[in-house]
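Peer 1: First, the structure itself, so that you have it in front of you.
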Amino acid sequence: MKTLLIIAITGLLCGSAFAVEGNAESAKGKISMCQGCHGIYDYKATFPKVYRVPMIAGQQSGYIAKALAAYKSGTRTQPNMRAIAESLSDQDIADLAAYYGSAK
């Protein structure tokens, strides 16, 4: 019981002890929806307003996973990203995070 409590607390402090493990190789079939914006240097999107789209290759995988989860839940509100994230499973999010976290 004490071990389970320690694992649960560690998971809360470190993100999630029970997170889905991502597979960068599996993400290769899923990245087309990201590349159209995030794969173009200095790309600017125009909906709902003009803003610079960040390059995500090499970003920390934990950040990418948390950002996608926040878009999916509605905590982050950019409409294009929310629509894309809502279509992703937890495994898709983990795979994309692993892929972009290891990309250069």
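Here, each number is a calculation from the coordinates, and none is a lab measurement. Everything numeric in this text was worked out from a predicted model, so none of it was measured. No Cβ is skipped: glycine too gets one built from the backbone with ideal geometry, and neighbour counts run over all protein chains shown.
Peer 1: Quick check on segment 69-104: of everything there that is charged (D, E, K, R) and assigned to a loop (DSSP other than H, G, I, E, B), which residue is nearest to the chain's Cα centre (by Cα)?
Peer 2: Of the residues in segment 69-104, the ones charged (D, E, K, R) are 72, 76, 82, 86, 90, 92, 95, 104.
Retained after the next criterion (residues that are assigned to a loop (DSSP other than H, G, I, E, B)): 76, 104.
On the way: 76: 12, 104: 16 Å.
So the residue we want is 76.
Peer 1: Within the bounds of segment 46-56, is there any residue that is in contact with a helix residue (DSSP H, G or I) (Cβ under 8 Å, 6 or more places away or on another chain), in contact (Cβ under 8 Å) with a residue 24 or more places away in the chain and under 21 Å from residue 26 (Cα atoms)?
Peer 2: Taking every residue of segment 46-56 in turn, at least one turns out to be in contact with a helix residue (DSSP H, G or I) (Cβ under 8 Å, 6 or more places away or on another chain), in contact (Cβ under 8 Å) with a residue 24 or more places away in the chain and under 21 Å from residue 26 (Cα atoms).
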